[in-house]
Amino acid sequence: MIFTSFMDQALDAARAAEARGEVPVGAVLVSPSGQIVAIDGNRMRERNDPTAHAEILVIRAACATLASTRLPDHDLYVTLEPCAMCAAAIAAARIGRLYYGVSDPKSGGVAHGARVFAHSQAHHAPEVYDGIAATDCAALLQAFFAVRRGT
């Protein structure tokens with residue numbers, strides 16, 4: 001099987017989130033057959049919902065579409081290392097593979113911080129691949145926060 005990355009689509013969703021005034025994080029959930037099941041970006045401000053992270057939104061949409069609480073063998077692409085909340089949702093949904101762009105030493109929950117998948121209470125740990133389009137993902141976030149900080 002040939003690997004096809006969906007990080008470009010996740011970056012597009014992140015740019016759309018930025019255009020809405022959100023922190024530019026995008027996520028894409030892909031079926032085992034390679035079809036996009038759900039794509040979205042952060043919508044916390046838009047929805048006044050602190051749980052409206054891109055990862056949570058695509059997991060919710062995919063579960064609704066597929067009428068299932070589990071997404072085995074699905075791939076999740078996200079531009080930023082998921083936080084602990086999102087990592088817990090990824091584990092609960094039994095997502096097969098997680099691909100993320102840039103690490104998040106401050107708020108990440110996969111390789112940093114809580115390291116949710118390594119915890120004994122995690123019922124499932126996906127395969128994790130980091131650094132996918134990391135330069136592009138980092139540049140998008142850095143530019144966003146530079147404007148916010150006025151630097």
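Kindly indicate whether Ala92 is open to solvent by less than 10 Å² (accessible area, probe 1.4 Å) and under 18 Å from Ala52 (Cα atoms).
Here the answer is no, as Ala92 does not meet what is asked.
Can you tell me which residue among Pro50, Pro32, Pro82, Pro126 is touching a strand residue (DSSP E or B) at 6+ places or on another chain (Cβ under 9 Å), under 25 Å from Ala19 (Cα atoms) and modelled with pLDDT of 95 or more?
Values: Pro50 fails: touching a strand residue (DSSP E or B) at 6+ places or on another chain (Cβ under 9 Å); Pro32 fails: under 25 Å from Ala19 (Cα atoms); Pro126 fails: under 25 Å from Ala19 (Cα atoms).
Sole residue among the options that is touching a strand residue (DSSP E or B) at 6+ places or on another chain (Cβ under 9 Å), under 25 Å from Ala19 (Cα atoms) and modelled with pLDDT of 95 or more: Pro82.
Among the helices (runs of 4 or more DSSP H) confined wholly to the range 1-66, which include 3 or more residues that are more than 18 Å from Gly101 (Cα to Cα) and not aliphatic (A, V, I, L, M)?
Values: elements: 7-19, 44-47, 54-66.
Passing ranges, in order: 44-47, 54-66.
Against the definition (open to solvent by 10 Å² or more (accessible area, probe 1.4 Å), over 15 Å from Tyr99 (Cβ atoms) and out of contact with any Pro (no Cβ under 8 Å at 6 or more places or on another chain)), how does Arg70 come out, yes or no?
Working: open to solvent by 10 Å² or more (accessible area, probe 1.4 Å): yes; over 15 Å from Tyr99 (Cβ atoms): yes; out of contact with any Pro (no Cβ under 8 Å at 6 or more places or on another chain): yes.
Taking the combined requirement at face value, the residue satisfies it.
Could you run through the range 120-150 and say how many residues are loosely packed, with under 15 Cβ neighbours inside 10 Å and either in a loop (DSSP other than H, G, I, E, B) or among the polar types (S, T, N, Q) (or both)?
Step one: of the range 120-150, the residues loosely packed, with under 15 Cβ neighbours inside 10 Å are 120-121, 123-124, 127, 129, 131, 135, 139, 142-143, 145-150.
Right, trim to either in a loop (DSSP other than H, G, I, E, B) or among the polar types (S, T, N, Q) (or both) and you get 120-121, 123-124, 131, 135, 142, 150.
Residues meeting the conditions: 8.
The values are calculated or read from the model by the stated rules, or taken from the named source; none is laboratory data. The model shown is predicted, which means the values in this text are computed figures rather than measured ones. Glycine also receives a Cβ, built like all others from the backbone with ideal geometry; neighbour counts cover every protein chain displayed. The protein model used for the area step is the full one, side chains on, heavy atoms only, and it has no ligands, DNA or RNA in it. Shrake-Rupley method; radii C 1.70, N 1.55, O 1.52, S 1.80 Å.
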